[in-house]
There are 2 protein chains.
Amino acid sequence: MTYHAPLREINFILEDLCNLSGLSALDGFEDFTPETIEAILLEAGKFANDVLAPLNHQGDVDGLGFKDGKVTMPRGWKEAYTSLVEAGWNSPAAEPEFGGMGLPVLVNTCIQELFNGANISFQLCPLLTQGAIEALAAYADPALQAVYLEKMVSGEWAGTMNLTEPQAGSDLSQVRSKAVPKDDHYLISGQKIFITYGEHDMVDNIVHLVLARLPDAPEGTKGISLFVVPKFLPDAEGQPGVANDLRCVSIEHKLGIHASPTCTMAYGDNEGAIGYLVGEPNRGLQYMFAMMNNARLNVGLQGIGVAEHAFQTAAYYASERKQGAVTNGTSPAPIIQHPDVKRMLGVMKAQTEGARILALRAALSIDMAERAPDADIRARHQRRVDLLIPVVKAWSTEMAVSVASQAVQVHGGMGYVEETGVAQFYRDAKITTIYEGTTGIQAMDLVGRKILRDQGLAVSEIVSDIRASANALADEGEGALDVNLMRRSAHEAADLIEKSCEWLLAAQVTDAALPLAAAQSVMDVFGMSLSAWCLIDSAAAASRHLAVGDGDAAFWRYRISLAECFIHHIFPMAQARLTTMRNGSYSVIGLEPDMLAQAS
Amino acid sequence: MTYHAPLREINFILEDLCNLSGLSALDGFEDFTPETIEAILLEAGKFANDVLAPLNHQGDVDGLGFKDGKVTMPRGWKEAYTSLVEAGWNSPAAEPEFGGMGLPVLVNTCIQELFNGANISFQLCPLLTQGAIEALAAYADPALQAVYLEKMVSGEWAGTMNLTEPQAGSDLSQVRSKAVPKDDHYLISGQKIFITYGEHDMVDNIVHLVLARLPDAPEGTKGISLFVVPKFLPDAEGQPGVANDLRCVSIEHKLGIHASPTCTMAYGDNEGAIGYLVGEPNRGLQYMFAMMNNARLNVGLQGIGVAEHAFQTAAYYASERKQGAVTNGTSPAPIIQHPDVKRMLGVMKAQTEGARILALRAALSIDMAERAPDADIRARHQRRVDLLIPVVKAWSTEMAVSVASQAVQVHGGMGYVEETGVAQFYRDAKITTIYEGTTGIQAMDLVGRKILRDQGLAVSEIVSDIRASANALADEGEGALDVNLMRRSAHEAADLIEKSCEWLLAAQVTDAALPLAAAQSVMDVFGMSLSAWCLIDSAAAASRHLAVGDGDAAFWRYRISLAECFIHHIFPMAQARLTTMRNGSYSVIGLEPDMLAQAS
């Protein structure tokens, strides 16, 4: 069993829940008709299935070579990367002026889910390059862009992001790397850790984006600048020339994503690494924050992709493995017929689908925030994006860990054996809850910057949309859909979100630490309530297809089942989390760090 | 930072919640006064801290050697095993007539938690031997016992359990291994998989207990017999003699417990492996079931032990690592001062403590079921044991996976790096939810055999005890304890358990598949409600100590905080699970296996 790109699900979501036909009305998207997009995704799906997925497990087993500062990728990876470049999949959303396809974020989002689902370790390379491209396209001057962007968009060169230092992880105010001006450039020195694809053998050059401080920079977050520091300095023809003063000192031995090199990079051990300032001095962190929504969306997609792959693997195993008797069935029966296994699989699939719909809606809002004709609508979508991104990031990735854990569970003892392959998802998924801001960081972002800062404006807008979904249901009466359940649940989702927002607004007045103590509960309320909303909309759309006898009735009924599964198995916990927020936040404040840290 | 045996917690639980002083009143336990037990645990704690814990991470890194059918243990493991044998820790609960200490199960349970917490891969060897000893002590004839038991109790020889075959995992009715009578013995043939410590170099002989079928045996579970099949046939002096016809074919490459050999064993590839029948023919599975309570309790303890170790590791890291500012604090502050990190640690510790109290109460009931003077009380405790064991097994181990995952999370990016060591807990913990019956199997056992079979009798007894705890609280009014919260929560725990039982009794009449679909929800209701009860009792006891100014006030207040933490952060989900049970079970029944299994 290998990965099958879930195109049927994705096409349904795009068409029925993301207004795909409206996309081509946006400025610059005229060519992206629904037919074109479906054709693009079909090809992307084939690439994911046929090129990336087959390398996933082998890459995990082979791992990486590291010798004399050089990283060797697993067997077949360089060839797959070359295919990716040739097919134009490296950075499909980049602007055509730099050689990209200029795909809508919505469509690129689908592609990123497929590629990450097939092989997260591989896709990290294009993802980091895409982030670097975005930064350079937005902030670098045209001269820098001319040297780097085209080669990075094609994938001939790769890009990286160098933020973390040993003492500066979630807290980037502590960055100490230095940049000293010299002639037309800067000399960069310092150590960076956890640099994904900081070194590898799939490309001719690697373009490092590095955060560092100028000599006169203020302390803290306002004194950090962004630099381009290439592995090889481009020569007059723009080809990789002299080696820069930087090297990969070591690679990490990690829990998962074994085929993705996580590098410790040393800059300027000798004369200083030559770097070029991106944009203005001291605005590096601000630029990074501007990249953050796309980066976090992409990590959320990694979660969704891995969850989908883990689910498929478990569902396949469960339909092959025979153990035990089922009521009124043969013995031994395929374990997929056992109620508890069905439960696990149904909940896994429902969670994955809910997170997917939410992520695609966030992606659509990124396009709308950029290109909708009306300024108010653009602003509204930007607020929506800002609100949803931490939820997509945190909820999708925590969901992925849970789904991967359940996928192992479905396999029983076989799941614990690495050869089976499913344990890899359990290991790989865990990184997604950590990098690009841990789940805790996302929760604090949601509560502090996205709910409290605008006093609940973005929240009130999404609550209106959820109530609109609920009210639209009132007019439908198809047989297969339990309209009352769906309507009641949608209103409950809106209520829960509203109540958590109200509590937060009041709590911050009492004690500034309370919203922080409550942050994870609020995140859970949002994740579950918004997923429920998405799945309710999905069930309603499926029910409309059913009513007109459109296509495969079993597929539409399955959509409805998944919504019910989520409402009954996951959504009740949202109410519990609201209770935790209200009462538990005080008990967190009351916990004594000294007691927690004390050895028995 | 290494492991610290949580003796302060354990001694408190034993004395205040497990009636330790009453234990020595039981027949055969006269010597085990509280002082003696405390001294024994102090020594066990030292052994865990000083001998076992230091080998845990290195064993994970080194892993196992395997060549020509021989397993080589990691550096230092054989020496540690020799120390274990010399100190008499191999099987401390075994009867003195076979060389054991005859420790109460309650005390042995504490030791097993400590040893597993320090090093689960190591402790699996004594645990499996203990299981084999228990089986031989209960069912083998005296001649067999004379040959094997003393050497196994001391640890000179180790024991294993050979149940699983490729086609027979959770469903042992499909066992195909054969036993053909010949002279005074049997010739055993067949392949067994997932045999923990099936082969290693720490002992002179390994005593395999093997399930196999006699030629005339009925099909299914009633035709399986149990055999002793030693690696080396004991000679006339009882020393390891001729090699038996069995071998380790391969060892598994696993997600975790890397230093515990998981073997595929081939029996009788040549002339047939010589085996001796244990007890009567065709009763092998019945004998295994009789061992099951202790085996499952021990796996639950592994979960608790790993959770404790993971918690300690995370708490230590969080008190050392500085990132970001806290309200009214220094910047950067130790992350343990950040509310969200405190929340994670508090919830981790509270869950661990709740599971520990429940496990120790179950262990006490094992002793009481065996030795209480009154037959009715013995029977009541046996019902209690039977009811609690699946909960201790499933709840403690799922809790361990969650706690280990959070421990990685507290470490951020450092947690994902294997050198840090915390990722090992995330990998190791996962096996505990699988072996000795997966979580799903435990849930079905709870619902089918432990709730429905006796029509809720054992449930009603524990509900009475929970209400008694609630009512006892009514008479206390200490300042530090929120008596109303505790009393209300205890009654709610009782209500939830009662309601789930009532629903199950009604549901089974409607559809035999419904209780199975609901099983995991019921398990969660039980796990959370019983843990809440245990922690409420613990908080009440702590509050009594506080009231009389006894000992360390901070420690007692910490107990109370943990109970509150659990009640606010975990317990609200029990109500959600009841809702899931009532509504979600129908949606599970409605899921179509064909749709779940269908590739997109």
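Table for the structure above
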{"item": "The range A:439-587: Cα Rg divided by the 2.2 N^0.38 Å rule of thumb", "result": "1.15"}
{"item": "Computed over chain B, the ratio Rg/Rh where both radii use C-alpha atoms and Rh is Kirkwood", "result": "0.97"}
{"item": "Pairwise label distance in nanometres, B:Val61 with B:Ala472, each label 7 Å out on the Cα-Cβ vector", "result": "4.7 nm"}
{"item": "Folded to 0 to 90 degrees: helix B:375-410 orientation relative to chain B principal axis, Cα", "result": "80 degrees"}
{"item": "Percent of C-alpha pairs per 10 Å bin, the range A:138-228, short to long", "result": "16, 43, 34, 7"}
{"item": "Net charge, B:Ala443 excluded, C-beta distance under 9 Å - Lys, Arg +1, Asp, Glu -1", "result": "-3"}
{"item": "Heavy atoms of A:Arg383 accessible to a 1.4 Å probe, total area in Å² rounded to 10", "result": "70 Å²"}
{"item": "With 10 Å bins from 0: P(r) over the range B:255-358, alpha-carbon pairs, percent", "result": "12, 23, 23, 17, 12, 8, 5, 1"}
{"item": "Taking N as its residue count, the alpha carbon Rg of the range B:29-70 over 2.2 N^0.38 Å", "result": "1.89"}
{"item": "Compactness relative to 2.2 N^0.38 Å, alpha carbon Rg of the range B:469-544", "result": "1.37"}
{"item": "In the range B:248-355, the GluC sites (Glu not before Pro) that fall in loop regions by DSSP, at most 14 other Cβ within 10 Å", "result": "B:Glu271"}
{"item": "Descending semi-axes in whole angstrom, ellipsoid equivalent of the range A:124-278, from the Cα gyration tensor", "result": "21, 20, 15"}
{"item": "Those trypsin sites (Lys or Arg not before Pro) in the range B:398-499 that DSSP places in a loop and that have at most 16 other beta carbons within 10 Å", "result": "B:Arg453"}
{"item": "Loop-located trypsin sites (Lys or Arg not before Pro) in the range B:55-141 whose Cβ has at most 12 other Cβ within 10 Å (DSSP)", "result": "B:Arg75"}
{"item": "Subset of A:Lys322/B:Lys178; A:Lys322/A:Lys393; A:Lys430/A:Lys450 violating a 27 Å alpha-carbon distance limit", "result": "A:Lys322/A:Lys393"}
{"item": "Zone residues, the range A:331-373, relative to A:Glu30, backbone N less than 18 Å from point 7 Å out along Cα-to-Cβ", "result": "A:371-373"}
{"item": "Rg and Dmax of the protein assembly as shown, Cα atoms only, in Å", "result": "30.3, 95"}
{"item": "Per principal axis, descending, Cα span of the range B:393-488 in whole Å", "result": "51, 44, 13"}
{"item": "Residue closest to axis [chain B; rotation mapping onto A; Cβ; Å]", "result": "B:Ala576, 2"}
{"item": "Carbon and sulfur %, accessible surface of chain A computed with the full protein complex present, 1.4 Å", "result": "50 percent"}
{"item": "Approximate shape of the range B:82-123 as ellipsoid semi-axes (Cα gyration tensor, √5λ), whole Å, largest first", "result": "18, 13, 6"}
{"item": "Full-extension gain in nm, B:Lys78 to B:Asn583, via 0.36 nm per residue minus C-alpha separation", "result": "176.5 nm"}
{"item": "Furthest towards positive pole of dipole, B:Leu596, B:Ile133, A:Pro332, structure part the protein assembly as shown, Cβ charges", "result": "B:Leu596"}
{"item": "Net charge of Cβ neighbours under 12 Å - reference A:Ser521; Lys, Arg +1; Asp, Glu -1", "result": "+2"}
{"item": "The range B:313-459 - convex hull of alpha carbons, volume per residue in Å³", "result": "136 Å³"}
{"item": "Helix axis angle, A:105-118 relative to chain A longest principal axis, alpha carbon, degrees", "result": "90 degrees"}
{"item": "Nitroxide proxy distance, nm - points 7 Å out along Cα→Cβ at A:Glu95 and B:Lys222", "result": "8.0 nm"}
{"item": "Pair B:Leu42, B:Ala554: separation of 7 Å Cα→Cβ label points (nm)", "result": "2.3 nm"}
{"item": "Sites A:Arg378 and B:Lys499, calculated FRET efficiency, Cβ-Cβ separation with R0 60 Å, nearest 0.05", "result": "0.75"}
{"item": "Two-decimal Rg/Rh across the range A:535-579, once Rg and the Kirkwood Rh are taken from alpha-carbon atoms", "result": "1.16"}
{"item": "Given charges at beta-carbon only (K, R positive; D, E negative), |dipole| of the range B:438-587 in Debye", "result": "340 debye"}
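The values are calculated or read from the model by the stated rules, or taken from the named source; none is laboratory data. It should be emphasised that the depicted structure is a prediction, and the values quoted were computed from it without experimental measurement. Quick reminder, even Gly has a Cβ in these numbers, built from the backbone with ideal geometry, and neighbours come from all protein chains shown. Areas reflect the complete protein model, heavy atoms only, side chains present, ligands, DNA and RNA absent. Shrake-Rupley method; radii C 1.70, N 1.55, O 1.52, S 1.80 Å.
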